[in-house]
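Participant: One structure coming up, written as structure tokens, with questions to follow.
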Amino acid sequence: MNKNIFAIVGPTASGKSDLALDLAQKLNSVILSVDSLAVYKEIDIASAKPSKEELATVKHFGIDELNPDEKFSVIEFLEHFKKAKSYAKEHNKGLIIVGGTSFYLKVLSQGISNLPKIEPNIKLEVQEIMLNLNIAYEFLKSIDLEYASKIASSDRYRVEKAIGIYKAVNMPPSQYFKENPPEPVIPNLPIYEIAINRDILRERINLRTSKMLEMGLIDEVAYLEHKYGRAPQSMGAIGIKEVLDYFDGVYSKKELKDKIATNTARLAKRQVTFNKSQLKIEFSGSVEEIKALLCSHRIGEYL
């Protein structure tokens, strides 16, 4: 049992972190956080990351790994996964993967295609094309209508990636991905989903938003803005971007609370949709049901 590896997903504020902490202690496991905001140092309140006391109780990976002005991508996530897996094996512990950024779990369980090396001169060429996103998307349609039809014309990241692939290997990206299929890191990763009533979840989101503001969210964002400015990727996260708008006079303090809660609820809805449509869920149930199941059965894959 000690060498099991599994993942817990669920919408934000559904109780994932508390469940993972409880299970980690019961199952002698370490935790890998799959959260695109908790990975940053100094973003403590906005990310709702576990407290220092909780972090000291169980060994965590993927939390406080980067400075707020550093970029976090699937490449960095996979490095954190390798570190967590290596530590767990060395210390004869299990590994619990938990968080709300389920795209990274999809990468672990379904894989991601290796991208070709993009030379500096090609990067510059692609950047020039990307100066006008509409023109860039039309160019992508002209070279690969199949791929372009699968993504939004406003999806700058995927448009740029696709054009980069085309310029690097002189091949439509859809053909490149067919010839370079993704390879799963953990093909049969067991994933357990916390199912929670929508009204209860909204109440939990409201309570958490109030708690974050009471804990000093506004001061935290003021500190982050002073130190790092508004440009970093992390400064666009829910909870941070609304406070920045509050600084600009867009919202009153009461409107700020409502806006954060509303945007968090919308995020939760997107998370549920993604988990159900993109992940292979082993079991979906309440926190209590998942806990009982995992504590009483030998489960899933092994490290």
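The values are calculated or read from the model by the stated rules, or taken from the named source; none is laboratory data. Predicted model, so just to flag it, every value in this text is computed and none were measured. Every residue, glycine as well, gets a Cβ built from its backbone with ideal geometry; the counts of neighbours run over all protein chains shown.
Participant: Out of all the residues in region 139-180, which are surrounded by fewer than 20 Cβ atoms within 10 Å (Cβ to Cβ), without any contact (Cβ under 8 Å) to a residue 24 or more places away in the chain, assigned to a helix (DSSP H, G or I) and touching a helix residue (DSSP H, G or I) at 6+ places or on another chain (Cβ under 7 Å)?
Facilitator: Residue satisfying the conditions is K141 alone.
Participant: Could you name every one of the helices (runs of 4 or more DSSP H) located completely within region 61-138 that has at least 1 residues being over 24 Å from S277 (Cβ atoms) and either modelled with pLDDT under 95 or not charged (D, E, K, R) (or both)?
Facilitator: 74-90, 120-129
Participant: Could you check how many residues of region 197-223 are in contact with a Lys or Arg (Cβ under 8 Å, 6 or more places away or on another chain) and hydrophobic (A, V, I, L, M, F, W, C)? Write out each step before concluding.
Facilitator: Residues of region 197-223 that are in contact with a Lys or Arg (Cβ under 8 Å, 6 or more places away or on another chain), as a first pass: 209-210, 213.
With the extra rule that they be hydrophobic (A, V, I, L, M, F, W, C), the set shrinks to 213.
Residues flagged as in contact with a Lys or Arg (Cβ under 8 Å, 6 or more places away or on another chain) and hydrophobic (A, V, I, L, M, F, W, C) within region 197-223 amount to 1.
Participant: For region 219-242, which positions are over 21 Å from the mean Cα position of the chain (by Cα) and of a type in the set (A, V, I, L, M, F, W, C)? It would help to see each step written out before you state the result.
Facilitator: Keep residues of region 219-242 that are over 21 Å from the mean Cα position of the chain (by Cα), which gives 219-220, 222-223, 225-229.
The one that is over 21 Å from the mean Cα position of the chain (by Cα) and of a type in the set (A, V, I, L, M, F, W, C): A222.
Participant: For region 268-285, give me the residue count where each residue is closer than 21 Å to R208 by Cβ and charged (D, E, K, R).
Facilitator: 2
Participant: In region 92-129, how many residues are in contact (Cβ under 8 Å) with a residue 24 or more places away in the chain, over 20 Å from I75 (Cα atoms) and among the aliphatic types (A, V, I, L, M)?
Facilitator: Going through region 92-129 one residue at a time, the tally reaches 3.
Participant: Name every residue in region 192-216 that is closer than 30 Å to L294 by Cα and of a type in the set (A, V, I, L, M, F, W, C), in order of residue number.
Facilitator: Answer for region 192-216, where residues must be closer than 30 Å to L294 by Cα and of a type in the set (A, V, I, L, M, F, W, C): I194, A195, I196, I200, L201, I205, L207.
Participant: I'm trying to understand the selection: among the residues of region 71-91, which are closer than 24 Å to I45 by Cα and either free of Cβ contacts under 8 Å to residues at least 40 places away in the same chain or among the polar types (S, T, N, Q) (or both)?
Facilitator: S73, V74, E76, listed by residue number.
Each row is one residue, and each column tells you yes or no for (1) of a type outside the set (D, E); (2) closer than 22 Å to Q110 by Cβ; (3) modelled with pLDDT of 95 or more.
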position	(1), (2), (3)
K167	yes, no, yes
P184	yes, yes, no
Y192	yes, yes, yes
L201	yes, no, yes
R208	yes, no, yes
G216	yes, no, yes
D219	no, no, yes
Y228	yes, no, yes
Q233	yes, no, no
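Participant: Failed condition for V250, given (1) surrounded by 13 or more Cβ atoms within 10 Å (Cβ to Cβ); (2) of a type outside the set (S, T, Y); (3) in contact with an Asp or Glu (Cβ under 9 Å, 6 or more places away or on another chain), with all others met?
Facilitator: Result: V250 fails condition (1) only.
Participant: Within region 24-46, how many residues turn out to be more than 30 Å from Y228 (Cα to Cα) and either in contact with a strand residue (DSSP E or B) (Cβ under 7 Å, 6 or more places away or on another chain) or of a type in the set (D, E, K, R) (or both)? Quick ask: steps written out before the conclusion?
Facilitator: Of all residues in region 24-46, those more than 30 Å from Y228 (Cα to Cα) come to 24-30.
From what's left, either in contact with a strand residue (DSSP E or B) (Cβ under 7 Å, 6 or more places away or on another chain) or of a type in the set (D, E, K, R) (or both): 24, 26-30.
Within region 24-46, residues that are more than 30 Å from Y228 (Cα to Cα) and either in contact with a strand residue (DSSP E or B) (Cβ under 7 Å, 6 or more places away or on another chain) or of a type in the set (D, E, K, R) (or both) number 6.
Participant: Now a separate question. Among the residues that make up region 29-44, is at least one of them among the basic types (K, R) and closer than 23 Å to G236 by Cα?
Facilitator: Keep residues of region 29-44 that are among the basic types (K, R), which gives 41.
This time we only want the ones that are closer than 23 Å to G236 by Cα, so: 41.
Yes - at least one qualifying residue is present in region 29-44.
Participant: How many of the residues in region 43-89 are surrounded by fewer than 19 Cβ atoms within 10 Å (Cβ to Cβ), within 14 Å of the chain's Cα centre (by Cα) and either aromatic (F, W, Y) or not assigned by TED's automatic domain parsing to the domain that holds G100 (or both)?
Facilitator: 0
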